[in-house]
Amino acid sequence: MSAVTSEAVRIFPGPAPRLFGYDPRFGKCDSINFPYTNLKCQRKRRLRFAKVLKCSSVVHNGVRSSRLWGTGGAWFRSTSVNGLCLLRCNCQRAETGSLNEISTQDGNGAWFVESSKIIDPINGIVNGPSALEFQDVQQSSQEREAFVTNGNLSPTETPKSLIPRVSVDSIEDEAWELLQKSMVYYCGSPIGTIAAMDPTSSNVLNYDQVFIRDFIPSGIAFLLKGEYDIVRNFILHTLQLQSWEKTMDCHSPGQGLMPASFKVRTVPLDGDESATEEVLDPDFGEAAIGRVAPVDSGLWWIILLRAYGKCSGDLSVQERVDVQTGIKMILRLCLADGFDMFPTLLVTDGSCMIDRRMGIHGHPLEIQALFYSALLCAREMLAPEDGSADLIRALNNRLVALSFHIREYYWIDMRKLNEIYRYKTEEYSYDAVNKFNIYPDQISPWLVEWMPNKGGYLIGNLQPAHMDFRFFSLGNLWSVVSSLSTMDQSHAILDLIEAKWSDLVADMPFKICYPALEGQEWQIITGCDPKNTPWSYHNGGSWPTLLWQLTVACIKMNRAGIAAKAVEVAERRISRDKWPEYYDTKRGRLIGKQARLFQTWSIAGYLVAKQLLASPSKAKILFTEEDSDLVNAFSCMISANPRRKRNRKGLKQSYIV
Ligand code: GLC
């Protein structure tokens with residue numbers, strides 16, 4: 001890559017200066033303070049129809065612009081050297097190598113980079129040797145055999161025999177084709193996938209954006225296929241958005257927040273009538289329906305980053321200084337002190353896949369499972385350095401406390417139900433058994449009916465005097481994947497899925513939560529949301545995308561047969577129904593009333609499930625195993641738990657919880 005300017009580019013903390021471009025949303029904004037275009041690609045209008053944009057091919061006279069971000073989230077552009085035309089894709093900014101040259105003065109200090117060492121991040125080395133590639137070829141046939149024995153299929157059944165061969169292949173081919181078509185390009189490089197490509201829908205809303213959470217199954221599908229560039233680009237570009245200065249009605253959410261989604265926009269280039277530029281325009285929830293906070297985005301980002309490294313063998317991305325800083329920013333945001341009494345993450349309603357009011361404010365399971373998973377992934381990736389010792393200590397303490405809290409207080413099965421049913425209330429003491437003052441009358445009749453003798457699950461939420469007994473699938477599945485649940489609990493969750501197949505899978509996998517809120521409960525809890533009517537959308541709808549998380553969880557527990565059966569159910573209809581976003585009714589028989597068709601994560605979720613069932617060992621890129629320190633700490637805490645044992649003898653090690 002030819003370097004041009006030798007001057008240092010300085011990144012200032014604090015409010016970001018306006019760089020360039022114009023923001024249609026804030027036309028009158030102060031030209032100094034508005035940081036609209038921190039990422040952009042400029043091109044001549046005449047190139048508008050060019051399919052693949054070669055931004056660098058229109059560079060003239062060596063003018064360069066480099067921007068970087070620092071912990072303060074500020075941006076600064078420095079251009080220099082003889083020339084006028086700034087037509088180089090600015091997303092090919094100072095990165096990879098040059099960032100190693102950065103010196104930080106302190107957490108808020110200025111950052112410097114030598115622009116003369118600019119390396120193109122997009123065309124950098126990506127498709128390097130895959131860590132999994134070689135072993136997988138050999139393993140694949142063994143795995144198929146193991147799969148039959150370890151899964152729940154009878155020895156005479158094979159996964160393939162469950163489904164008609166020809167049609168399944170064509171479903172897969174169609175899915176790949178659709179996934180390919182959903183790819184979104186920025187500066188000529190793929191950086192994500194659009195949420196949906198529904199030609200029948202007139203109201204696009206934000207389904208034309210790249211959602212962080214929606215991209216995860218797409219990214220995994222690409223990784224498993226050996227297409228690493230798109231994932232790498234996604235990771236690096238969303239990282240840049242993290243430091244965006246975001247405001248909602250004069251309030252700025254915490255640094256480290258990742259957007260819910262972003263869109264690549266083509267806008268006129270400032271001061272040049274004949275040119276346009278591409279900009280990445282993120283939404284941190286400030287435009288989202290209900291203004292929901294995308295708490296899950298950063299957690300998924302960390303999980304994907306680890307998967308990228310594991311699958312591609314390219315650890316250089318996670319080792320980069322800016323990526324390390326990005327991880328730490330997310331962690332700091334999540335680990336910051338608050339008023340909270342619990343180790344679980346306190347969030348507002350709709351802060352995850354369920355991004356509407358559904359009574360999941362407080363400490364919803366899905367966020368806790370992703371939080372736990374992200375903490376483990378981050379711990380694996382963080383480079384040991386003096387500056388992060390406190391952070392790592394806080395992370396370790398939180399891991400122990402979080403797993404103890406969830407395993408102890410979120411778990412429900414027949415035994416625990418009996419215990420809650422006979423709870424004493426109003427216990428004022430340090431060693432109360434009914435710590436959260438749960439009134440037994442909260443146990444709904446459906447739960448008593450529904451709870452199988454064999455099996456159990458983690459409840460949806462726990463607050464003072466409140467247990468949300470609904471079964472939330474993603475939270476339970478990801479607890480299995482991340483080892484947030486114990487081995488026994490994880491098996492019990494899968495037992496429950498088998499026992500409640502007709503409720504959770506029925507005609508289309510997988511129910512997002514069970515049961516639906518109905519009547520007055522629906523009115524009060526959803527605020528009479530017409531999109532979340534009973535057994536629709538987030539309120540008990542069935543979401544095919546959840547197939548991939550189900551598959552990872554089943555493979556982790558060596559019970560892949562469960563997932564294979566669910567995939568087979570989906571295959572009966574999913575392509576014929578045009579890959580809907582979700583299904584309605586108790587058994588998932590109807591395509592969701594307002595569901596998008598050709599929803600990308602339905603397509604990608606199916607593909608990931610298929611890929612992993614074909615090569616189960618690849619699911620390892622997503623698991624996190626419990627480490628022995630955690631197990632030890634957990635057993636110490638169990639023995640110190642007043643419900644089990646009231647004295648603290650035998651507690652070998654103390655953990656701050
Ligand atoms: C809906 C879903 C959300 C998803 C988005 C884009 O809002 O609730 O989880 O990310 O659509 O598909």
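The values are calculated or read from the model by the stated rules, or taken from the named source; none is laboratory data. Quick caveat: nothing in here was measured; it's all calculated off a predicted structure. Heads up, the Cβs are rebuilt from the backbone with ideal geometry, glycines too, and the neighbour counts pull from every protein chain shown. The area values use the complete protein model at the heavy-atom level, side chains included, leaving out ligands, DNA and RNA. Shrake-Rupley method; radii C 1.70, N 1.55, O 1.52, S 1.80 Å.
The apolar share of the surface of segment 335-421, taken as the fraction of accessible area on carbon and sulfur atoms (1.4 Å probe, ligands and nucleic acids excluded), comes to 56 percent. Check the straight Cα-Cα distances from LYS610 and name the aspartates and glutamates below 14 Å, setting aside those fewer than 8 residues away within the same chain. The qualifying aspartates and glutamates are GLU143, ASP169, GLU172, ASP173, GLU174, GLU568, GLU571. Label zone (LYS531, point 7 Å along Cα-to-C-beta; backbone nitrogen cut-off 13 Å) within segment 585-620: 593-596. Taking label positions 7 Å along the Cα-Cβ direction at both ARG587 and TRP446, the computed distance is 1.8 nm, reported to one decimal. Once the 1.4 Å probe is applied to the protein heavy atoms, segment 297-436 comes out at 39 Å² accessible per residue. For the set LYS435/LYS556; LYS500/LYS578; LYS424/LYS454, the pairs lying more than 29 angstrom apart at their alpha carbons are LYS435/LYS556. Each peptide in 472-478, 177-183 receives the mean, over its residues, of other Cβ atoms within 10 Å, and ordering these scores from highest gives 472-478, 177-183.
Rank by packing, highest mean first: peptides 445-456, 266-277, 366-377, 215-226, with packing defined as the count of other Cβ atoms within 10 Å averaged across residues.
366-377, 215-226, 266-277, 445-456
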